[in-house]
Amino acid sequence: MEPNYSEYSTTELEDALANIDKESFPDRVELLKVELASRQTSKKSSLNADSDDFEPNEQFFKCPTCEKKIGFFSKTANKWGKTKTCPHCNSPFETSVKLKALAIALIPAFVIQLFILRPVVVALGLHGAISTGIICGILSLLSMRYRKVRSTNVT
């Protein structure tokens, strides 16, 4: 009796492929591979068609698609506009601000600025507002994230 692999779930197919005797049943191994491949391509096409399953994959100075680092001083990170293109995989991503990270870092940053950074800057003979600029820059860096875009149109 030949098994009907179309009734199997994806996990059952993967389990069957891992535990099958490949020498005794090479035709079944091939059927399992074909069924798994067809499910993966249909899953990819359904992910592209269904916008509810979109996962932005937010990253901290990494490409959300290939997950390779993008340097802070790189041309990509400092390009004007919200939508940018990864220098490694050429896929589009957009920058966003994570307000939760900004809110969490706000009070410690204010305390550091008030009691540590500002006195050091003033002791060096510089204007105290420089310390405020430094803290604001650090806060903006800590709250910036890169995430995937829904469409592949990059302008």
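The values are calculated or read from the model by the stated rules, or taken from the named source; none is laboratory data. In this text, all values refer to a predicted model and were calculated from it rather than measured experimentally. Reconstructed Cβ throughout: ideal geometry from the backbone, glycine too, with neighbour counts over all protein chains shown.
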Among (1) under 14 Å from Phe61 (Cβ atoms); (2) out of contact with any Pro (no Cβ under 6 Å at 6 or more places or on another chain); (3) touching a residue at least 40 places away in the same chain (Cβ under 8 Å) - the single one Pro87 does not satisfy: (3)
Any hit, region 101-122, residues being among the aromatic types (Phe, Trp, Tyr) and over 24 Å from the mean Cα position of the chain (by Cα): yes
Set Lys79, Lys44, Lys68, Lys84: member being at pLDDT 85 or above, over 15 Å from the mean Cα position of the chain (by Cα), closer than 28 Å to Arg150 by Cβ and not small (Gly, Ala, Ser): Lys79
Residue within region 102-110 that is surrounded by 13 or more Cβ atoms within 10 Å (Cβ to Cβ) and either in a loop (DSSP other than H, G, I, E, B) or not assigned by TED's automatic domain parsing to the domain that holds Tyr146 (or both) present: no
The one condition in (1) assigned to a strand (DSSP E or B); (2) at pLDDT 95 or above that Phe93 fails to fulfil: (2)
